[in-house]
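Asks: My questions will all concern the structure given below.
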Amino acid sequence: MKKYGILNSHISKVLSDLGHTDYIVVADAGLPIPEGVTKIDLALKLGVPSFQDVVDVIASDMVIEKVTLAEEIKQGNDEALQYIIRTFIENESENSQTAAIEFCSHEQFKELTRYAKVVIRTGENKPFANCILQAGVHFG
């Protein structure tokens, strides 16, 4: 059994296989998942696991150079937006990495999910608690 890192074997494998600019999606319980895109469903009940819990664990194990959010998060879920800013811009989390943050419409966001390596579904039940995490490169 692994001593550190992500224990979920499916997520661990996906992260190991990512190349530079590949991306994954962390989704709330309601985001539609396109046909043909692998879904890792972690949802146990509404709110469990949370969006923040899942992003924290993934960010501790993945080099992330860009985070894409739906523009609608600004009006629809300030809590999730502030969490992303704290985590990836202000470096106030244990993950301590900096990533660019980009915004697009929610419709564009859903289109981008078609090209994700995987969509990880959480139990989050707040609107627009979704992000695309684009892989960077770790050169030591």
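The values are calculated or read from the model by the stated rules, or taken from the named source; none is laboratory data. This is a predicted model, so every value here is computed, not measured. Backbone-built Cβ (ideal geometry, glycine too); neighbour counts: all protein chains shown. Heavy atoms of the whole protein, side chains included, go into the accessibility calculation; ligands, DNA and RNA do not. Shrake-Rupley method; radii C 1.70, N 1.55, O 1.52, S 1.80 Å.
Asks: Need one number: % antiparallel among DSSP beta bridges in the chain, to the nearest 5.
Replies: Approximately 45 percent, going by the DSSP bridge assignments.
Asks: For residue 45, go through the lysines and keep the ones whose alpha-carbon is under 18 Å away, minus same-chain ones fewer than eight residues off.
Replies: 126
Asks: I've got another one for you. Using a probe of 1.4 angstrom, how much of the accessible area of the chain is carbon and sulfur, in percent?
Replies: Carbon-and-sulfur percentage of accessible area, whole number: 50.
Asks: Collect residues whose amide H, placed 1.01 Å from N in the peptide plane, falls under 5 Å from the amide H of residue 63; neighbours closer than 5 in sequence don't count.
Replies: Answer set, sorted by chain and number: 136.
Asks: Report the relative contact order of the range 1-113, percent, no decimals, based on alpha-carbon pairs under 8 angstrom and at least 6 residues apart.
Replies: 26 percent
Asks: Right, here's the next one. Around residue 33, which amide H atoms from residues at least 5 apart in sequence, or from another chain, sit under 5 Å from its own amide H, with H modelled in the peptide plane?
Replies: Here the answer is none, since no amide H 5 or more places off falls under 5 Å of that of residue 33.
Asks: Whole Å is fine, so just give me how far the alpha carbon centre of the range 1-17 lies from that of the range 98-140.
Replies: 19 Å
Asks: Please list the non-local residues whose amide H lies under 5 Å from the amide H of residue 38, H modeled 1.01 Å from N, same-chain partners needing a gap of 5 or more.
Replies: 119
Asks: Using the Cα centre of the range 1-127 as the reference point, and only Cβ charges (+1 on K/R, -1 on D/E), how large is the resulting charge dipole? Debye, rounded to the nearest 20.
Replies: 480 debye
Asks: Can you work out the Karplus-derived ³J(HN,Hα) for every residue in the range 17-30? Use 6.51 cos²θ - 1.76 cosθ + 1.60 with θ = phi - 60°, whole Hz, and x for glycine or proline.
Replies: Result, ordered by residue: 8, 5, x, 4, 6, 5, 9, 10, 10, 9, 10, 6, 5, x Hz.
Asks: Also, I was wondering about something else. Each residue of the range 31-47 in order: what ³J(HN,Hα) in whole Hz does its phi give by Karplus 6.51 cos²θ - 1.76 cosθ + 1.60, θ = phi - 60°, with x for Gly and Pro?
Replies: Each residue of the range 31-47 in turn: 5, x, 10, x, 4, x, 8, 5, 10, 10, 9, 9, 4, 9, 7, 4, x Hz.
Asks: Separate question: So, R0 is 25 Å and r is the distance between the beta-carbons of residue 108 and residue 137; what FRET efficiency does that work out to, to 0.05?
Replies: According to the calculation, E is roughly 0.45.
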